[in-house]
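The values are calculated or read from the model by the stated rules, or taken from the named source; none is laboratory data. Just so we're clear, the structure is a prediction, and the values are computed from it rather than from any experiment. Quick reminder, even Gly has a Cβ in these numbers, built from the backbone with ideal geometry, and neighbours come from all protein chains shown.
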Ligand code: MG
């Protein structure tokens, strides 16, 4: 796999840009590391060998490239140990190469000695001539991709013969017929910054909370950020189990601890505190790490009170705490069919999930 190019059209080292948290070149490496490929060796910029090697301890080799693609290829081919008869040469800048494409090329090499994947031209191609330009017949044009495959001995011979932009051209120059196989439009080469997909990280968190009904008949019932007619829940704060479950789902998604850690019930500051304070603080804390909230969904398990009449107001209150739209807040309710403590009406339980996302820098 060739990772030694200068990437001058990109401006910076495109091969180390992450896609889904994984550098472009490492994605390419992993895409290649599937049967029938037995081993993958890497050609990298001189001096950067240790950085690459540390991430792929199983690589067949990691060697320095040269000033041109042919030189880099020659260094790579030179590093292939005895015992291999066919090689595939792949650009590290093609991270979306699917295992079945690799297998297709390998199979064609077995039958025809040399092969490359190709896709039809989708853009109109014009040829510059001495008196202007002329349009080429698109239906007769193929765009070559990698991995390109050949017998090792043929490639060694071709390399000795001169410079070319790819292996197929080099092999043809020494009279070897190189067979096109069906390429894959997805197998794009990352050339410009805009070729990289936006790198968005998404996380899911889960939260659970339950509180028993208070013996204090005068205690208000806070649920979903609003006061609801009914018996209050016992707890250090206002005991709003819905907000507590969502707070934990958010903190959990961002791996930032839990509600008990941030707002301990031993702290007098939180005595009878409104739980909207916890929820807003959790939202601000995760926003500080670059997260935004995609959605949250909470389900309430209780025999009483009936939540349907309050659903819209609760969703609005939760959305306001989180700085999102009510359409991003789901709220469902069920009973426990009179089973267990919740079923006997001793308290209320809530489960919540939250999805958060951020763009990786
Ligand atoms: Mg609680």
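Does residue 245 fit the bill of being within 13 Å of the ligand (Cβ to nearest atom) and surrounded by fewer than 20 Cβ atoms within 10 Å (Cβ to Cβ)? No; evaluated as a whole, the condition is false for this residue. Close contacts from region 254-269, counting a first residue that is in contact (Cβ under 8 Å) with a residue 12 or more places away in the chain and a second that is more than 15 Å from the ligand (Cβ to nearest atom) and not in a helix (DSSP H, G or I), with Cβ to Cβ under 6 Å and a gap of 6+ residues or different chains, come to 254/289; 254/291. Quick check: is even one residue across region 210-221 under 20 Å from residue 300 (Cα atoms), outside any loop (DSSP other than H, G, I, E, B), in contact with a helix residue (DSSP H, G or I) (Cβ under 7 Å, 6 or more places away or on another chain) and more than 15 Å from the ligand (Cβ to nearest atom)? Within region 210-221, none of the residues are under 20 Å from residue 300 (Cα atoms), outside any loop (DSSP other than H, G, I, E, B), in contact with a helix residue (DSSP H, G or I) (Cβ under 7 Å, 6 or more places away or on another chain) and more than 15 Å from the ligand (Cβ to nearest atom). Here is the figure for region 40-86: residues that are surrounded by 14 or more Cβ atoms within 10 Å (Cβ to Cβ) and part of a helix (DSSP H, G or I) total 13.
Residues of region 271-296 that are part of a helix (DSSP H, G or I), more than 11 Å from the ligand (Cβ to nearest atom) and closer than 22 Å to residue 226 by Cα: 276, 277, 279, 280, 281, 282, 283, 284.
Within region 192-208, the set of residues being over 14 Å from the mean Cα position of the chain (by Cα) and assigned to a strand (DSSP E or B) comprises 205, 206, 207, 208.
For region 248-270, residues that are within 21 Å of residue 297 (Cβ to Cβ) and near the ligand (Cβ under 10 Å from one of its atoms) total 2. Does any residue of region 301-312 turn out to be within 37 Å of the chain's Cα centre (by Cα) and assigned to a helix (DSSP H, G or I)? Yes, the conditions are met somewhere in region 301-312. The condition of being closer than 30 Å to residue 30 by Cβ, touching a residue at least 24 places away in the same chain (Cβ under 8 Å) and either touching a helix residue (DSSP H, G or I) at 6+ places or on another chain (Cβ under 6 Å) or within 16 Å of the ligand (Cβ to nearest atom) (or both) holds for only one of 205, 183, 235, 224, that being 205. Against the test of being at pLDDT below 95 and in contact with a strand residue (DSSP E or B) (Cβ under 6 Å, 6 or more places away or on another chain), the options 291, 270 yield a single qualifying residue, 291. For region 328-340, residues that are part of a helix (DSSP H, G or I) and either in contact (Cβ under 8 Å) with a residue 60 or more places away in the chain or within 15 Å of residue 292 (Cα to Cα) (or both) total 1. Checked against (1) in a loop (DSSP other than H, G, I, E, B); (2) more than 19 Å from residue 282 (Cα to Cα), residue 239 passes all but condition (2). When residues in region 176-190 are screened for being assigned to a loop (DSSP other than H, G, I, E, B) and either touching a strand residue (DSSP E or B) at 6+ places or on another chain (Cβ under 9 Å) or surrounded by 15 or more Cβ atoms within 10 Å (Cβ to Cβ) (or both), 10 of them pass. Is it the case that some residue within region 87-101 is touching a residue at least 12 places away in the same chain (Cβ under 8 Å), in a loop (DSSP other than H, G, I, E, B) and more than 34 Å from the chain's Cα centre (by Cα)? Checking region 87-101: not a single residue is touching a residue at least 12 places away in the same chain (Cβ under 8 Å), in a loop (DSSP other than H, G, I, E, B) and more than 34 Å from the chain's Cα centre (by Cα).
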